[in-house]
Amino acid sequence: MKKFLYILSVSTLLLASCNNGNIPEEPDINTLKIEDLFPLTENTKYTYDGEGNEFASYEVYIDYINGNRIQTRTNNGGTELVKVFEVERGKLTELFFRGETYFRENFTDDEYSGGKILLKEPIKEGNSWSSDENSKTTITGVSKQVVTPQGNVEAVEVTTENSKGTTIEYYAKDKGLVKIINENEDYKVSSVLSGIEGNVPLIQTITLFYPDIDGINLKTVDVQISFNTNEEPKDIIEQTIKDLSVYEILSKNTKINKLNFNEEKNSVYLDLSKEFTAEMNAGAGIEGLILQSVANTLGTYYGVQNIFLTIDGEPYESGHILLNEGEPLTTDYSNIK
């Protein structure tokens, strides 16, 4: 009898502690914020398995996190594209989309107007808005069960309709987008989150150009480079070129001050420190090959023809070569050995 009373007393205490909030209940999904459903996590790789076409499977990397903005990179095996998202005032907005972007560039600092609203608070079934000029988006469920390779996930269902068809997206707490379906009368393509990996850098391949030992032609070598979230290409490329032991393109004291892609001019702007010319110690022929190596390396990586080179903000000038203000170096692959 005493044993029974003891068990009853313990059970009563446990129930009381639950009622007093010592063991918290599951949070109401309607209290979720955008930040819960779209986490900003650096150095993370998201893998999606797809059905419906050859590009439905893809990987997503986090290029940059800048305050309340995040830039992602999607690689579907056929192309790479970048997007910039903003989380502000209870809204998740896609500000920027750029396809065929195989180079690293920070687009989060640019000014944007408008954008496509992907998700909007309150996270409540029936909440609806115009995601862009031609689309209507509605939260059509707040606790949908989504089957993923990692198990069942409870998610918020968001449906967008326009003249091209219907897109259904599922967002889960602390995971982000876990599934997306695009469909109309002629097709249905779906992608589902199959894995999340932390501490994973973006790996790219860059082709380095350098003069041959005779100082007549250029040679090439492909090198892998890796980027963690928020790492800038100027730093990674500078070190990669310096590590090229075959030929010194950048002296050990030369710094890349600035390295930027210009969308409007489809060009690259490169500013080097004065040590580039002061420590070059080369004749006109070798200097020309060094400049051509720089132009070809950056032109190939960024997919452009013109590279505008300056030294500490001033037009390039050495004892042998002068570039007038606004005069670019241009890619030339005619003397590759």
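Near Thr148: Cβ cut-off under 10 Å, other residues only, Lys/Arg at +1 and Asp/Glu at -1. The net charge is +1.
Kindly list the residues of region 213-236 that lie in the label zone of Ala284, defined by a backbone N under 19 Å from the point 7 Å along the Cα-to-C-beta vector. Correct set: 215-217.
Restrict the search to region 230-320; then list the GluC sites (Glu not before Pro) that DSSP places in a loop and that have at most 12 other Cβ atoms within 10 Å of their Cβ. Present the calculation step by step, with values, prior to reporting the outcome.
Values: sites: Glu231, Glu238, Glu248, Glu263, Glu264, Glu275, Glu279, Glu287, Glu317; in loops: Glu231, Glu248, Glu263, Glu264, Glu279.
Counting only loop positions with at most 12 other Cβ atoms within 10 Å, the GluC sites (Glu not before Pro) in region 230-320 are Glu263, Glu264.
Full extension of the chain between Asn199 and Glu88 gives 37.3 nm of extra length, using 0.36 nm per residue less the Cα-Cα distance.
Count Lys and Arg as plus one, Asp and Glu as minus one, and take only other residues whose Cβ is under 9 Å from that of Lys173; the net charge is then -2. Compared with the dominant principal axis of the Cα atoms in the chain, helix 284-302 is inclined by about 20°.
In what sequence do Tyr102, Tyr333, Tyr46 fall when counting other Cβ within 10 Å, fewest first?
Values: Tyr102 15, Tyr333 12, Tyr46 22.
By the 10 Å Cβ count, ascending: Tyr333, Tyr102, Tyr46.
Derived scalar couplings between HN and Hα for region 168-183 equal 10, 10, 10, 10, 10, 4, 6, 10, x, 6, 9, 7, 9, 10, 10, 8 Hz in order, rounded to whole Hz, by the Karplus curve 6.51 cos²θ - 1.76 cosθ + 1.60 (θ = phi - 60°), x for Gly and Pro. Compared with the dominant principal axis of the Cα atoms in the chain, helix 2-19 is inclined by about 50°. Amide H contacts for Val178 (H built 1.01 Å from N in the peptide plane; partners 5 or more residues away or on another chain; cut-off under 5 Å): Tyr170, Tyr171, Ala172.
Restricted to Cα atoms, region 150-261 shows a radius of gyration and a Dmax of 22.9, 65 angstrom. Axis angle, to the nearest 10 degrees, between helix 233-242 and the longest C-alpha principal axis of the chain: 50 degrees. Among residues other than Glu59 with Cβ under 9 Å from its Cβ, the summed charge is +2 (Lys and Arg +1, Asp and Glu -1). Could you give log10 I(q)/I(0) at q = 0.11, 0.14, 0.15 Å⁻¹ for the chain, computed by the Debye formula over C-alpha point scatterers of equal weight, without solvent? Taking Cα atoms of the chain as identical point scatterers yields -0.83, -1.09, -1.18. Across region 63-187, Cα-Cα pairs more than 20 Å apart make up 50 percent of the total.
Sorted fewest first by neighbouring Cβ atoms within 10 angstrom, Val189, Val304, Val221 come out as Val221, Val189, Val304. For Glu80, the amide hydrogen comes within under 5 Å of the amide hydrogens of Glu100, Thr101, counting only partners 5 or more places away or on other chains and with H modelled in the peptide plane.
Rule-based calculations on the coordinates, nothing more; no lab input. Remember, it's a predicted structure, so these values are computed and weren't measured experimentally. Cβ atoms come from the backbone with ideal geometry, glycine included; neighbour counts cover every protein chain shown.
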